[in-house]
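This report concerns only the one structure given below.
The values are calculated or read from the model by the stated rules, or taken from the named source; none is laboratory data. All values reported here derive from a predicted model rather than from experimental measurement. Don't worry about glycine lacking a Cβ; one is built from the backbone with ideal geometry, like all the others, and counts go over all protein chains shown.
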Amino acid sequence: MRLLTYGIFSGTLFLLLILSFPFTLHAFRCGDGLVSVGDSKGRVLIECGKPTFKEKVGDRETRKKGTGTKTKSTKSSKTMEQWTYNCGKDDFIYILTFEGGKLVKEGTDGRGRGASECKGRN
């Protein structure tokens, strides 16, 4: 009986741990194309076509400290850019955020209007 109780407890604990991690399972579907976090701007452009709107939203600076006998810090800057896709009145407006050329975030900004501009490659 003790073994059965331990098995149930450990299974429940495992499930709680798995569910506590923030998984990003989102992917943006544009026509037959599908893009997700980590894809390059080039891949998104090939799969989804030109966005309805593009805007630069800033630069993110990062600093790295060196290790070892020579302590040298390096500074780098990555451009932040948002691409907006209007997927029409029966769908949403999608905002794709890029950092340094890589897709880092997908989100929505209300309902779309008019005809869909999320055709993907045809």
- request: Kindly list, by first and then second residue, each pair from a residue in segment 35-54 that is among the charged types (D, E, K, R) to a residue that is in a loop (DSSP other than H, G, I, E, B) and surrounded by 15 or more Cβ atoms within 10 Å (Cβ to Cβ), limited to pairs with Cβ atoms under 7 Å and residues at least 6 apart or on different chains.
  value: Glu47/Gly120
Flag for Lys41 being under 23 Å from Arg113 (Cα atoms) and modelled with pLDDT of 55 or more: no
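One line per residue, one yes/no per condition, for (1) assigned to a loop (DSSP other than H, G, I, E, B); (2) at pLDDT below 80; (3) surrounded by fewer than 14 Cβ atoms within 10 Å (Cβ to Cβ); (4) not hydrophobic (A, V, I, L, M, F, W, C):
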{"residue": "Gly58", "(1), (2), (3), (4)": "no, no, yes, yes"}
{"residue": "Glu61", "(1), (2), (3), (4)": "no, yes, yes, yes"}
{"residue": "Lys70", "(1), (2), (3), (4)": "yes, yes, yes, yes"}
{"residue": "Gln82", "(1), (2), (3), (4)": "no, no, no, yes"}
{"residue": "Tyr85", "(1), (2), (3), (4)": "no, no, no, yes"}
{"residue": "Gly110", "(1), (2), (3), (4)": "no, no, yes, yes"}
{"residue": "Arg121", "(1), (2), (3), (4)": "yes, yes, yes, yes"}
statement: Residues of segment 97-108 being modelled with pLDDT under 95 and crowded, with 17+ Cβ neighbours inside 10 Å, in sequence order, are none
query: So Tyr94 fits all but one of (1) at pLDDT below 90; (2) touching a Phe, Trp or Tyr at 6+ places or on another chain (Cβ under 6 Å); what number is the exception?
result: (1)
